[in-house]
Each structure stands twice: as structure tokens, then as C-alpha cells.
Amino acid sequence: MSITERRDDDSLYALPRFELQCHLDDIDDPTEVTVFADTRTVELATQWISVDAGSAVSLEDVR
């Protein structure tokens with residue numbers, strides 16, 4: 001398929017759905033949060049992402 005060809009189906013607009021889990025380096029005073037998916041149920045290109053806790057935002061704020 002050429003990059004200039006238009007697709008008629010909605011497959012490019014369908015968002016994947018999967019559950020995410022998180023891990024905090026220190027439950028009482030976290031400095032880093034790691035978000036990951038259960039690799040037994042879904043395969044993603046990126047298995048996890050870690051960020052500084054000060055840069056993290058609630059998933060409810062993202063949606």
C-alpha cells in the first residue's frame with residue numbers, strides 16, 4: 001500500500017484496550033513510577049516505561 005492511498009476502513013482509528021499496572025520504587029515516598037502491561041495477555045512494542053514521580057500524571061487526567 002502506498003502512503004498516499006487512503007484506507008476506507010476504521011482500523012486506523014480503533015484504539016487498543018488493555019489493562020495497565022504500576023510499580024512505585026517506594027510506596028510511602030515514591031521517586032519513580034513504572035507503568036507496564038501484563039505480558040501474558042497483551043504484547044506491546046514497549047514493555048514498560050519509567051518516569052520521575054514528579055513528572056507523572058494520573059491516568060484519569062490523561063483520558
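One residue is enough: does region 18-25 have a residue meeting the conditions at pLDDT below 85, assigned to a loop (DSSP other than H, G, I, E, B), aromatic (Phe, Trp, Tyr) and exposed (fewer than 10 other Cβ atoms within 10 Å of the Cβ)? No, every residue in region 18-25 fails to be at pLDDT below 85, assigned to a loop (DSSP other than H, G, I, E, B), aromatic (Phe, Trp, Tyr) and exposed (fewer than 10 other Cβ atoms within 10 Å of the Cβ). If you go through region 42-60 and pick out every residue that is part of a helix (DSSP H, G or I) and either touching a Phe, Trp or Tyr at 6+ places or on another chain (Cβ under 6 Å) or among the small types (Gly, Ala, Ser) (or both), you end up with 3. Applying a threshold of 9 Å to beta carbon distances and a minimum spacing of six or more residues, or different chains, the list of pairs starting in region 19-40 at a residue that is farther than 17 Å from residue 58 by Cα and ending at one that is at pLDDT below 85 and loosely packed, with under 10 Cβ neighbours inside 10 Å reads 38/19; 39/47. Residues that are hydroxyl-bearing (Ser, Thr, Tyr) and within 14 Å of the chain's Cα centre (by Cα) within region 17-40 comprise 34, 39, listed in sequence order. Residue 15 meets all of the listed conditions (1) closer than 18 Å to residue 58 by Cβ; (2) part of a loop (DSSP other than H, G, I, E, B) but one, namely (1).
The values are calculated or read from the model by the stated rules, or taken from the named source; none is laboratory data. None of the values given here were measured: they were computed from a predicted structure. All Cβ positions, glycine included, derive from the backbone under ideal geometry; neighbour counts span all protein chains shown.
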